[in-house]
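Engineer: Take this structure first; my questions come after.
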Amino acid sequence: MSIGKIEGVALRGLVSVVPARKVDNLEVPAELVPARDRLVRNVGIRFRRLCRKGTTFADLSETAARRLLDGMGWDSVDVLIVVTQTPDYPIPGNAVQLQDRLGLPRSTVAFDINLGCSGYPFGVFTAAGMLKGSGFRRALVVVGDQSASDGAADEGREILFSDAATATALELDDAAAPLFFEGYTDGSGYRAIYVPHGGRRHPLNDKSTLPRECEDGIVRKDTDVWLDGPAILNFSTREAPLAIQRVLGETGIDEASVDRYFLHQANRMINETIRKKLRIDPERMPMTLYDFGNTSSASIPLTMTVDSAARLREGKVRSLLCGFGIGLSWGTMVIDTDRIFAPDLIEV
Amino acid sequence: MDLNQFLENFTAAVDFEEAVEMELGTELATLQEWDSLAALGVIVMADLEYGVSLTGQDLKGCATIGDIAAIIERKQG
């Protein structure tokens, strides 16, 4: 079986939170503006959001989750999953901390999933799978990262990432339309996006934080997120269109019945290439890169909020989600929603 | 391959800040904008215009603009 199908679980609510602190990628010394302008034009990212000093992804998550629980009128959930790669501590994960901070009962099953840009469909599917047939009724899926950099030597990475947290509510509902999910993994590409030092394979040493020029001419530290631009571009623009076509083909879902394609917001070159290959008009495949950058696993739900909060509140929406990146991994989901709790974007 | 069209595609893909005179024999290293961003632009252009997947390694092996055209033609088969 390549495509998972879950019936009887509804996506009930979605809240997205970004830091109010905004950085303009064009705010550079005058002599650097033309080059930076070219970079911004091609990558498609003008503004990024950064957590204030002392604030972490866990804090944004708490705001998102509280707003969602309030909106749903829930004082407990059975399952709390956090999808992040930027936890407060190397161990334990953020979900356990969040259970306590949200005042959720000790009977909450809480754990983290370590995934980045592809993570939203994986997290939603995991939670939905846990609800189905288990006796559990409600799940909260918190997704996002604090990956914005501030002063990286690698300019291509510096202008890319932005912070955000999102919370999604799932609930058992016999009347819910089935959701479909396909997850793919190619671990041979793990070096396309990775942090070389700081784990057990290569613990931190005296040289880990020294910048050095790499083979491709980019200056990096071994504690940075290393991005292999050409490899990521080739992977994303090859696999995402294939996955979307495969999921539509195998489920028999009519392409025209998809109201919105919410793709991971990687960069403009990647997203536009995928869109052109699929021949989908920009309105149905919204892009939020210009204002919010690449927010890792939060980019799909954040784009749902920014582009479609009113639509999600007011009616039925069929969404196709496709996340792709670190791993390499990529996940595609088709999910129908009906008048969910979806407030406008929250800034803190 | 229409080489004039290729030069046009290449120019658009690199997104030069100012117009640059170039021909197929122009050395990539002499182009100020021949950087990692330009490489990504050329990879997208090869994919969308010629249906060819170029790797970072392919581009590293190119000295001139014509070398890129030659790889694309070879990969088109």
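The values are calculated or read from the model by the stated rules, or taken from the named source; none is laboratory data. Nothing here was measured: the structure is a model prediction, and the numbers come from that model. FYI the Cβ positions are ideal-geometry reconstructions off the backbone, even for glycines, and counts take in every protein chain you see. We work out accessible area using only protein heavy atoms, side chains counted, and drop any ligands, DNA or RNA first. Shrake-Rupley method; radii C 1.70, N 1.55, O 1.52, S 1.80 Å.
Engineer: Considering every residue within the range A:212-220, establish whether at least one is open to solvent by 40 Å² or more (accessible area, probe 1.4 Å), on the phi > 0 side of the Ramachandran plot and more than 14 Å from every other protein chain (Cβ to nearest Cβ).
Structural biologist: no
Engineer: Within 14 Å of chain A (Cβ to nearest Cβ), farther than 18 Å from A:I218 by Cβ and basic (K, R), is that true of B:K60?
Structural biologist: Taking the combined requirement at face value, the residue does not satisfy it.
Engineer: Working only within the range A:24-36, note down all residues that are within 21 Å of A:L302 (Cα to Cα) and either within 13 Å of chain B (Cβ to nearest Cβ) or open to solvent by 40 Å² or more (accessible area, probe 1.4 Å) (or both).
Structural biologist: Within the range A:24-36, none qualify.
Engineer: Mind checking which residues of the range A:37-76 are open to solvent by less than 30 Å² (accessible area, probe 1.4 Å) and either farther than 26 Å from A:R138 by Cα or among the acidic types (D, E) (or both)?
Structural biologist: A:R38, A:L39, A:V40, A:N42, A:V43, A:G44, A:I45, A:R48, A:R49, A:L50, A:C51
Engineer: Give me the helices (runs of 4 or more DSSP H) completely within the range A:242-328, filtered to those with at least 1 residues that are more than 14 Å from chain B (Cβ to nearest Cβ), ordered by residue number.
Structural biologist: The qualifying helices (runs of 4 or more DSSP H) are A:289-292, A:299-314.
Engineer: Another one. Mind listing just one residue for me: the one in the range B:35-52 that is more than 7 Å from chain A (Cβ to nearest Cβ) and open to solvent by 20 Å² or more (accessible area, probe 1.4 Å) and, of those, farthest from the chain's Cα centre (by Cα)?
Structural biologist: Across the range B:35-52, the extreme among qualifying residues is B:G51.
Engineer: A:D228 passes all but one of (1) closer than 15 Å to A:G116 by Cβ; (2) without any contact (Cβ under 8 Å) to a residue 24 or more places away in the chain; which number fails?
Structural biologist: All conditions pass for A:D228, except number (2).
Engineer: Restricting to the range A:122-150, and then to whatever is among the charged types (D, E, K, R) and at pLDDT 95 or above, can you tell me which residue is surrounded by the fewest Cβ atoms within 10 Å (Cβ to Cβ)?
Structural biologist: Only one residue tops the list, namely A:R137.
Engineer: Within the range A:297-317, track down each residue that is under 19 Å from the mean Cα position of the chain (by Cα) and open to solvent by 10 Å² or more (accessible area, probe 1.4 Å).
Structural biologist: Hits for the range A:297-317 are A:V306, A:D307.
Engineer: I'm told A:V195 meets every condition in (1) buried (at least 17 other Cβ atoms within 10 Å of the Cβ); (2) more than 14 Å from chain B (Cβ to nearest Cβ); (3) in contact with a Phe, Trp or Tyr (Cβ under 9 Å, 6 or more places away or on another chain) except one. Can you identify the failing condition by its number?
Structural biologist: Checking A:V195 against (1) buried (at least 17 other Cβ atoms within 10 Å of the Cβ); (2) more than 14 Å from chain B (Cβ to nearest Cβ); (3) in contact with a Phe, Trp or Tyr (Cβ under 9 Å, 6 or more places away or on another chain), the one that fails is (1).
Engineer: How do the pairs read when you match residues in the range B:15-27 that are more than 9 Å from every other protein chain (Cβ to nearest Cβ) with residues anywhere that are assigned to a loop (DSSP other than H, G, I, E, B) and among the charged types (D, E, K, R), using Cβ under 9 Å and keeping only pairs 6 or more apart or on different chains?
Structural biologist: What qualifies is B:V20/B:E33.
Engineer: Follow-up. Go through the residues of the range B:66-75 one by one and say whether even a single one is within 11 Å of chain A (Cβ to nearest Cβ), surrounded by 14 or more Cβ atoms within 10 Å (Cβ to Cβ) and closer than 24 Å to A:I232 by Cβ.
Structural biologist: So far as the range B:66-75 goes, no, none of its residues is within 11 Å of chain A (Cβ to nearest Cβ), surrounded by 14 or more Cβ atoms within 10 Å (Cβ to Cβ) and closer than 24 Å to A:I232 by Cβ.
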